[in-house]
Amino acid sequence: MVSAVLVHDLRRAFGATTAVDGATWSAGAGRVTALLGPNGAGKTTTVECLEGLQRPDAGEVRVLGTDPWGAPPAHRAAVGVMLQDGGLPTTVRPLPLLRHLAAFHRDPWPVDDLAARLGIDAFAATTVRRMSGGQRQRVALAAALVGRPEVLFLDEPTAGLDPHARLEVWDLVRAEAGRGVCVVVTTHSFEEAERLADDVVVMSAGRVVAAGPLAEVRGTRSLEDVYFGLTGREVR
């Protein structure tokens, strides 16, 4: 497996609170890696270090062989990011926003096709401010995908989506992995990890308690049972 994402002994603290405590794992091109754990496990902090939004206190992170902190524009163009809070400007409509983002890329996904695939055309006249949570999730995912990235970070991409939309997003994510993209998904959901991931990284209290191919981490048990056995706490 070619490692497009590497995390080695990553440590990140905020004052007296240690958010990530010596995490080590990797993610491969053409695979979906699910970063699984409860609130406060360190998932989002880890991913934000990989996105270049936070600087590690210690350890090392690499994305496509590059330190993402202060990475050049060419590197950033190869990385798609869907933030937990969306990070979208609130006064714009989705199609002009996506066309603006597409203009920064050499070979973007055709915006009309992407909008149709994610059902965005059904609320294209609505500004981000007036969208439902699920609609914002779809636009944020489209913004992450429009540049056809080599690495895709998705922070809880199906939060707020109805079951049908969730299945559509899973299909789209699997298709991206099928074209060779390294996809890293953070999630609380055992079902999402089971249905979507090739590999899983289980975090608890800032530490990695298990990592590897889904089948190996699971063994003969459900992922939920494995998680309880490793951490003694419930994902929420």
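All of the numbers you see were taken from the coordinates with simple rules; none came from a lab. Predicted, not measured: the structure shown is a model, and the values here were computed from it. FYI the Cβ positions are ideal-geometry reconstructions off the backbone, even for glycines, and counts take in every protein chain you see.
Points to keep in mind about this one:
- Reference-scaled alpha-carbon Rg (2.2 N^0.38 Å with N residues) for the chain: 0.98
- Here the spin labels are modelled as points 7 Å beyond Cα on the Cα-Cβ line, and at ALA124 and ASP171 they lie 2.0 nm apart.
- Taking the inverse of the mean 1/r over every pair of distinct Cα atoms in region 167-236 gives a Kirkwood hydrodynamic radius of 12.8 Å.
- Region 117-236: C-alpha pair distances exceeding 17 Å, %: 59 percent
- Per residue, the average separation of C-alpha pairs within less than 8 Å and at least 6 apart gives region 61-171 a relative contact order of 38 percent.
- Based on DSSP H segments of at least four residues, each scored -39500 (n - 2.57), the chain has a per-residue ellipticity at 222 nm of -9500 deg cm²/dmol.
- Karplus 3J(HN,Hα) series, Hz, for region 155-165 with 6.51 cos²θ - 1.76 cosθ + 1.60 (x for Gly, Pro): 9, 6, x, 9, 4, x, 8, 6, x, 5, 5
- Length-normalised contact order of the chain in % [C-alpha pairs under 8 Å, at least 6 apart]: 29 percent
- Cα shape, region 1-40, gyration tensor, a/c 1.5 rule: oblate
- Under-5 Å amide H pairs with GLY42, H placed in peptide plane, nonlocal only: GLY206
- Each Lys and Arg contributes +1 and each Asp and Glu -1, all at the Cβ; summed about the Cα centre of the chain, the dipole is approximately 480 debye.
- For region 74-132, the list of trypsin sites (Lys or Arg not before Pro) that fall in a loop by DSSP and count at most 10 other C-beta atoms within 10 angstrom reads ARG106.
- Amide hydrogen neighbours beyond the local backbone of VAL181, cut-off 5 Å, H modeled: GLY30
- The alpha-carbon atoms of region 86-173 define a convex hull whose volume equals 89 cubic angstrom per residue.
- Helix 133-145 and the longest principal axis of the C-alpha atoms of the chain enclose an angle of approximately 90°.
- Kirkwood Rh, Cα atoms: Rg over Rh of region 1-82: 0.95
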